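Have a look at the structure below, then the notes.
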Amino acid sequence: MKEVICKSCGKKFPATEISSWIIQDGAVKKCHYCPIEDTVKRLVFLNISNHPSSKWSAEQIKAAQYCAVRDSEIIGEDNFTDFMADVEIIDISFPQIPAELMELDLIGLLTSFVNSSPFVSLPKKFSCMIQGEFTASYLLINHFRSEGCSVYAATTEREVVEEDGIKKSIFKFIRFRAYQTASLHLNLTTFSND
């Protein structure tokens, strides 16, 4: 029988019992074996893009499941693969962003978007991929990261193939890369007018 290790108290308990708690109504549940509350969560990877997960490769689905389990911080590293099948990948279409939209109107549109029904039933923290219009993506990434969510972009390699004189681009998923906060410093000494 598979077991999970509670990161809060270190105790082991049967995986068969956790599976039913993970997927219950989006609420954080108390582990029945642990004196510490809020240890078992619903595992979610949210896909906010116009690339439905039904068209993802098996590698991309597995990577999304892995990210959601790892980011949950409730399951010991030895048990990641035991719970990957419990991850819900939820598709939410990236909103249409009119090109003429002013900045304040964009903030209003995205505020309505993140307060819409698909987000209401989600756990407070989840893993997600955000890919869409650049300025809207920037605002959504910062919003979800400030809420404690892990946010990713899918990295791909582009291969161009030619069939019957027509060039076609094929994108192969490589990995999810987390958005991070970092200070990048420009080394001005490398740029010289000499």
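Values quoted throughout were computed directly from the atomic coordinates according to the rules given, and no laboratory measurement underlies them. Everything numeric here is computed off the predicted structure, so don't read it as measured data. As a convention, Cβ positions derive from the backbone with ideal geometry for all residues, glycine included, and neighbour counts pool all protein chains shown.
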Inset, instruction - Looking at region 43-181, send over the antiparallel percent of its DSSP beta bridges, to the nearest 5. - result: 50 percent
Legend entry - Full-stretch length increase - T111, K168 - with 0.36 nm per residue and alpha-carbon distance subtracted: 16.8 nm
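If you take the alpha carbon radius of gyration of region 43-181 and divide it by 2.2 N^0.38 Å, what ratio comes out, to two decimals?
Values: Rg = 16.5 Å, N = 139, 2.2 N^0.38 = 14.3 Å.
Here the answer is 1.15, to two decimals.
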Inset, instruction - Give a quick list of GluC sites (Glu not before Pro) in region 123-187 that DSSP marks as loop, anything other than H, G, I, E or B, with at most 15 other Cβ atoms within 10 Å. - result: E147
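Roughly how many debye, to the nearest 20, is the charge dipole of region 43-181 about its Cα centre, given +1 on each Lys and Arg Cβ, -1 on each Asp and Glu Cβ, and no other charges? Display every interim value, and only then the final one.
Values: 12 positive and 19 negative charges, 23 e Å.
Using Cβ point charges on Lys, Arg, Asp and Glu, region 43-181 gives about 120 debye.
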